[in-house]
Amino acid sequence: MTEDILAFAAQNAAECRKVALVTVTDTDGSSPASPGQMMAVLADGSSAGTVGGGASEHRIIRQAVEAIQNGERVFKFSFDHTEDGMICGGSMAGFGNVLGAQTGLCIFGGGHIAQSLARIASQTGFSVTVVEDREEFAASFNNARYLICKPDEYAATDPLASSEYAVICTRGHASDEDALRYCLGKHLAYIGMIGSEKKVSALMENLRAGNYSQDSLESVYAPIGLDIASAMPAEIAVSILAEILLVKNGGRPRHRSIV
(Lines give C-alpha, C1' and ligand atoms only; values in the text may rest on other atoms or scores of the structure.)
Protein backbone atom coordinates (compact mmCIF):
# COMPACT_ATOMS: atom_id res chain seq x y z
CA MET A 1 0.00 0.00 0.00
CA THR A 2 2.77 2.47 0.94
CA GLU A 3 4.60 1.61 -2.27
CA ASP A 4 1.46 2.44 -4.29
CA ILE A 5 1.12 5.82 -2.57
CA LEU A 6 4.77 6.68 -3.19
CA ALA A 7 4.48 5.54 -6.82
CA PHE A 8 1.39 7.75 -7.25
CA ALA A 9 3.27 10.73 -5.78
CA ALA A 10 6.39 10.11 -7.85
CA GLN A 11 4.48 9.71 -11.11
CA ASN A 12 2.50 12.90 -10.64
CA ALA A 13 5.59 14.89 -9.57
CA ALA A 14 7.39 13.61 -12.68
CA GLU A 15 4.47 14.88 -14.78
CA CYS A 16 4.92 18.38 -13.28
CA ARG A 17 2.00 18.12 -10.85
CA LYS A 18 2.48 19.23 -7.27
CA VAL A 19 1.80 16.53 -4.69
CA ALA A 20 1.34 16.85 -0.93
CA LEU A 21 2.66 13.72 0.75
CA VAL A 22 0.91 13.51 4.13
CA THR A 23 2.17 11.38 7.03
CA VAL A 24 0.50 10.72 10.40
CA THR A 25 3.13 10.95 13.15
CA ASP A 26 1.09 10.70 16.35
CA THR A 27 -2.35 9.52 17.50
CA ASP A 28 -4.08 9.39 20.85
CA GLY A 29 -7.21 7.63 22.10
CA SER A 30 -9.57 5.99 19.63
CA SER A 31 -8.25 7.67 16.50
CA PRO A 32 -9.09 5.84 13.25
CA ALA A 33 -5.57 6.65 12.03
CA SER A 34 -2.28 5.03 12.95
CA PRO A 35 1.22 6.53 13.09
CA GLY A 36 2.95 5.99 9.77
CA GLN A 37 -0.19 6.08 7.65
CA MET A 38 0.32 8.09 4.47
CA MET A 39 -1.74 9.81 1.81
CA ALA A 40 -0.75 11.69 -1.38
CA VAL A 41 -2.96 14.61 -2.39
CA LEU A 42 -3.06 16.55 -5.69
CA ALA A 43 -4.09 20.16 -6.27
CA ASP A 44 -7.58 19.10 -7.41
CA GLY A 45 -8.19 17.19 -4.16
CA SER A 46 -7.80 13.72 -5.64
CA SER A 47 -5.69 11.41 -3.53
CA ALA A 48 -4.14 8.00 -2.96
CA GLY A 49 -3.99 6.27 0.40
CA THR A 50 -5.81 7.19 3.60
CA VAL A 51 -5.16 8.73 7.00
CA GLY A 52 -8.24 7.35 8.70
CA GLY A 53 -11.08 8.57 6.54
CA GLY A 54 -14.09 10.61 7.58
CA ALA A 55 -14.28 14.31 8.35
CA SER A 56 -10.72 14.46 9.69
CA GLU A 57 -9.28 13.14 6.44
CA HIS A 58 -11.42 15.64 4.53
CA ARG A 59 -9.89 18.46 6.60
CA ILE A 60 -6.38 17.22 5.87
CA ILE A 61 -7.08 17.01 2.13
CA ARG A 62 -8.40 20.57 2.20
CA GLN A 63 -5.30 21.75 4.09
CA ALA A 64 -3.05 19.93 1.61
CA VAL A 65 -4.77 21.57 -1.36
CA GLU A 66 -4.40 24.99 0.27
CA ALA A 67 -0.71 24.33 0.91
CA ILE A 68 -0.18 23.47 -2.77
CA GLN A 69 -2.07 26.57 -3.89
CA ASN A 70 -0.18 28.83 -1.47
CA GLY A 71 3.25 27.54 -2.43
CA GLU A 72 4.02 26.01 0.98
CA ARG A 73 6.71 23.34 1.14
CA VAL A 74 5.81 21.88 4.55
CA PHE A 75 2.64 22.07 6.65
CA LYS A 76 1.56 20.52 9.95
CA PHE A 77 -1.81 19.39 11.25
CA SER A 78 -3.06 18.54 14.72
CA PHE A 79 -6.66 18.28 15.89
CA ASP A 80 -9.14 16.42 18.04
CA HIS A 81 -11.51 14.09 16.18
CA THR A 82 -14.42 15.24 18.32
CA GLU A 83 -14.13 18.65 16.64
CA ASP A 84 -15.17 16.90 13.44
CA GLY A 85 -18.18 15.24 15.02
CA MET A 86 -16.58 11.80 15.11
CA ILE A 87 -17.78 9.66 17.98
CA CYS A 88 -14.58 7.65 18.15
CA GLY A 89 -12.80 10.41 20.06
CA GLY A 90 -9.04 10.63 20.10
CA SER A 91 -6.71 12.94 18.22
CA MET A 92 -4.09 12.85 15.47
CA ALA A 93 -1.13 14.90 14.31
CA GLY A 94 1.26 14.85 11.40
CA PHE A 95 2.78 16.83 8.60
CA GLY A 96 2.81 17.14 4.82
CA ASN A 97 5.61 17.72 2.32
CA VAL A 98 4.76 19.32 -1.00
CA LEU A 99 6.74 17.59 -3.73
CA GLY A 100 7.43 18.95 -7.18
CA ALA A 101 7.18 22.47 -5.75
CA GLN A 102 9.27 24.06 -8.49
CA THR A 103 7.62 27.24 -9.78
CA GLY A 104 5.33 26.37 -12.68
CA LEU A 105 5.01 28.32 -15.94
CA CYS A 106 2.34 27.35 -18.47
CA ILE A 107 2.79 28.64 -22.02
CA PHE A 108 -0.22 28.51 -24.34
CA GLY A 109 1.21 28.24 -27.85
CA GLY A 110 4.23 26.56 -29.40
CA GLY A 111 5.64 29.13 -31.85
CA HIS A 112 9.02 30.84 -31.93
CA ILE A 113 8.46 33.05 -28.90
CA ALA A 114 7.16 30.10 -26.86
CA GLN A 115 10.18 27.99 -27.85
CA SER A 116 12.65 30.66 -26.72
CA LEU A 117 10.67 31.40 -23.55
CA ALA A 118 10.44 27.73 -22.55
CA ARG A 119 14.18 27.30 -22.95
CA ILE A 120 15.27 30.31 -20.87
CA ALA A 121 12.50 29.82 -18.28
CA SER A 122 13.62 26.25 -17.60
CA GLN A 123 17.20 27.48 -17.21
CA THR A 124 15.92 29.99 -14.63
CA GLY A 125 14.32 27.24 -12.53
CA PHE A 126 10.76 27.13 -13.83
CA SER A 127 8.92 23.90 -14.48
CA VAL A 128 7.46 24.60 -17.93
CA THR A 129 4.29 23.21 -19.48
CA VAL A 130 3.51 24.03 -23.11
CA VAL A 131 -0.09 23.74 -24.29
CA GLU A 132 -0.60 23.29 -28.04
CA ASP A 133 -3.06 21.58 -30.37
CA ARG A 134 -0.33 20.85 -32.93
CA GLU A 135 1.85 17.79 -32.40
CA GLU A 136 4.59 18.87 -34.79
CA PHE A 137 6.15 21.39 -32.38
CA ALA A 138 6.77 18.85 -29.63
CA ALA A 139 10.39 18.20 -30.67
CA SER A 140 11.22 21.89 -30.05
CA PHE A 141 10.51 21.59 -26.32
CA ASN A 142 13.09 19.27 -24.81
CA ASN A 143 13.02 21.02 -21.43
CA ALA A 144 9.25 21.28 -21.08
CA ARG A 145 6.19 19.13 -20.68
CA TYR A 146 4.37 19.28 -24.03
CA LEU A 147 0.62 18.90 -23.71
CA ILE A 148 -1.42 18.45 -26.89
CA CYS A 149 -4.73 20.01 -25.97
CA LYS A 150 -7.46 22.00 -27.73
CA PRO A 151 -9.27 24.89 -26.02
CA ASP A 152 -12.43 22.84 -25.52
CA GLU A 153 -10.32 20.30 -23.61
CA TYR A 154 -8.81 22.74 -21.09
CA ALA A 155 -11.38 22.09 -18.38
CA ALA A 156 -10.96 18.32 -18.54
CA THR A 157 -7.17 18.35 -18.93
CA ASP A 158 -6.44 21.19 -16.48
CA PRO A 159 -3.07 22.28 -17.93
CA LEU A 160 -2.65 24.90 -15.17
CA ALA A 161 -2.80 22.35 -12.35
CA SER A 162 0.90 22.82 -11.53
CA SER A 163 1.47 26.42 -12.65
CA GLU A 164 1.22 29.81 -10.97
CA TYR A 165 2.30 31.75 -14.06
CA ALA A 166 0.71 31.71 -17.52
CA VAL A 167 1.78 33.15 -20.87
CA ILE A 168 -0.62 33.26 -23.79
CA CYS A 169 0.98 33.37 -27.24
CA THR A 170 -1.07 31.09 -29.47
CA ARG A 171 -1.32 31.38 -33.26
CA GLY A 172 -4.52 33.44 -33.38
CA HIS A 173 -6.80 35.94 -31.66
CA ALA A 174 -9.60 33.42 -31.08
CA SER A 175 -7.33 30.84 -29.44
CA ASP A 176 -5.69 33.59 -27.35
CA GLU A 177 -9.13 34.59 -26.10
CA ASP A 178 -10.01 30.97 -25.31
CA ALA A 179 -6.81 30.60 -23.28
CA LEU A 180 -7.35 33.92 -21.49
CA ARG A 181 -10.91 33.01 -20.50
CA TYR A 182 -9.59 29.76 -19.05
CA CYS A 183 -6.77 31.48 -17.17
CA LEU A 184 -9.04 34.15 -15.69
CA GLY A 185 -10.98 31.39 -13.95
CA LYS A 186 -7.87 30.32 -12.03
CA HIS A 187 -5.93 31.82 -9.11
CA LEU A 188 -2.65 32.72 -10.80
CA ALA A 189 0.21 34.97 -9.77
CA TYR A 190 0.68 36.18 -13.35
CA ILE A 191 -1.24 36.10 -16.63
CA GLY A 192 0.41 37.65 -19.67
CA MET A 193 -0.90 37.77 -23.24
CA ILE A 194 0.93 38.73 -26.39
CA GLY A 195 -0.56 41.12 -28.93
CA SER A 196 -0.71 44.66 -30.21
CA GLU A 197 -2.51 47.35 -28.23
CA LYS A 198 -5.33 47.27 -30.82
CA LYS A 199 -5.76 43.51 -30.53
CA VAL A 200 -5.61 43.55 -26.74
CA SER A 201 -8.15 46.39 -26.54
CA ALA A 202 -10.63 44.57 -28.81
CA LEU A 203 -10.24 41.32 -26.89
CA MET A 204 -10.77 43.04 -23.55
CA GLU A 205 -13.96 44.63 -24.85
CA ASN A 206 -15.25 41.14 -25.73
CA LEU A 207 -14.53 39.98 -22.19
CA ARG A 208 -16.20 43.03 -20.62
CA ALA A 209 -19.28 42.19 -22.65
CA GLY A 210 -19.05 38.71 -21.16
CA ASN A 211 -19.31 40.11 -17.62
CA TYR A 212 -15.65 39.81 -16.67
CA SER A 213 -14.84 42.38 -14.00
CA GLN A 214 -12.57 45.32 -14.66
CA ASP A 215 -10.31 44.23 -11.80
CA SER A 216 -9.76 40.78 -13.33
CA LEU A 217 -9.00 42.26 -16.75
CA GLU A 218 -6.58 44.80 -15.29
CA SER A 219 -4.65 41.94 -13.68
CA VAL A 220 -3.62 40.72 -17.15
CA TYR A 221 -0.23 41.86 -18.42
CA ALA A 222 -1.08 42.73 -22.02
CA PRO A 223 0.63 43.59 -24.25
CA ILE A 224 3.06 41.25 -22.54
CA GLY A 225 6.65 41.85 -21.52
CA LEU A 226 8.87 44.81 -20.77
CA ASP A 227 9.06 47.44 -23.51
CA ILE A 228 12.44 46.66 -25.09
CA ALA A 229 11.54 47.96 -28.58
CA SER A 230 12.27 44.68 -30.34
CA ALA A 231 10.34 42.34 -32.64
CA MET A 232 12.81 39.46 -32.44
CA PRO A 233 11.20 36.35 -30.88
CA ALA A 234 14.18 35.54 -28.66
CA GLU A 235 14.37 39.11 -27.34
CA ILE A 236 10.61 39.23 -26.78
CA ALA A 237 10.96 36.00 -24.78
CA VAL A 238 13.61 37.65 -22.59
CA SER A 239 11.32 40.65 -22.00
CA ILE A 240 8.48 38.32 -21.00
CA LEU A 241 10.62 36.34 -18.56
CA ALA A 242 11.97 39.59 -17.09
CA GLU A 243 8.41 40.76 -16.44
CA ILE A 244 7.50 37.43 -14.84
CA LEU A 245 10.56 37.60 -12.59
CA LEU A 246 9.64 41.16 -11.58
CA VAL A 247 6.26 39.88 -10.43
CA LYS A 248 7.62 36.72 -8.84
CA ASN A 249 10.41 38.44 -6.91
CA GLY A 250 8.64 41.71 -6.13
CA GLY A 251 11.10 43.76 -8.18
CA ARG A 252 10.66 47.13 -9.82
CA PRO A 253 11.07 48.04 -13.52
CA ARG A 254 13.92 50.49 -13.11
CA HIS A 255 17.58 50.69 -14.05
CA ARG A 256 19.89 49.81 -11.15
CA SER A 257 22.23 52.76 -11.47
CA ILE A 258 24.17 54.00 -8.44
CA VAL A 259 25.05 57.31 -10.09
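Go through the range 40-61 residue by residue and tally those that are within 22 Å of the chain's Cα centre (by Cα) and of a type in the set (Ser, Thr, Tyr). So the count comes out to 2.
For the range 22-55, filtering for residues that are hydrophobic (A, V, I, L, M, F, W, C), open to solvent by 30 Å² or more (accessible area, probe 1.4 Å) and in a strand (DSSP E or B) leaves 1. Is one or more of the residues making up the range 56-79 of a type in the set (A, V, I, L, M), open to solvent by less than 30 Å² (accessible area, probe 1.4 Å), touching a Lys or Arg at 6+ places or on another chain (Cβ under 9 Å) and outside any loop (DSSP other than H, G, I, E, B)? Yes - at least one qualifying residue is present in the range 56-79. Just so you know, in the range 11-54 the residues that are among the charged types (D, E, K, R) and over 28 Å from HIS187 (Cα atoms) include one that is modelled with the highest pLDDT, and it is ASP26.
Against the condition assigned to a strand (DSSP E or B) and not charged (D, E, K, R), how does LEU6 come out, does it pass? No; evaluated as a whole, the condition is false for this residue. When ALA234, ALA161 are screened for being under 22 Å from LEU105 (Cα atoms), modelled with pLDDT under 90 and of a type in the set (A, V, I, L, M), only ALA161 passes. Those helices (runs of 4 or more DSSP H) of the range 148-259 in which 3 or more residues are farther than 24 Å from ALA121 by Cβ and open to solvent by 30 Å² or more (accessible area, probe 1.4 Å) occupy 197-209, 214-218.
Scanning the range 74-91 for residues that are at pLDDT below 85 and either under 26 Å from ALA189 (Cα atoms) or in contact with a helix residue (DSSP H, G or I) (Cβ under 8 Å, 6 or more places away or on another chain) (or both) turns up PHE79, HIS81, ASP84, GLY85, MET86, CYS88, GLY89, GLY90, SER91. Within the option set MET204, MET193, being modelled with pLDDT of 90 or more, more than 22 Å from the chain's Cα centre (by Cα) and of a type outside the set (Phe, Trp, Tyr) holds for one residue only, MET204. Checked against the criterion of being in contact (Cβ under 8 Å) with a residue 60 or more places away in the chain and more than 13 Å from the chain's Cα centre (by Cα), the range 149-168 contains one or more residues that satisfy it.
Restricting the range 92-142 to residues that are modelled with pLDDT under 90, in a strand (DSSP E or B) and touching a Ser or Thr at 6+ places or on another chain (Cβ under 9 Å), which is farthest from ILE60 (Cα to Cα)? My answer is SER127.
The values are calculated or read from the model by the stated rules, or taken from the named source; none is laboratory data. Worth saying up front: this structure is predicted, and the values here are computed from it rather than measured. Every residue, glycine among them, receives a Cβ derived from its backbone with ideal geometry; neighbour counts consider all protein chains shown. Just so you know, the surface numbers come from the protein's heavy atoms only, side chains and all, with ligands and any DNA or RNA stripped out. Shrake-Rupley method; radii C 1.70, N 1.55, O 1.52, S 1.80 Å.
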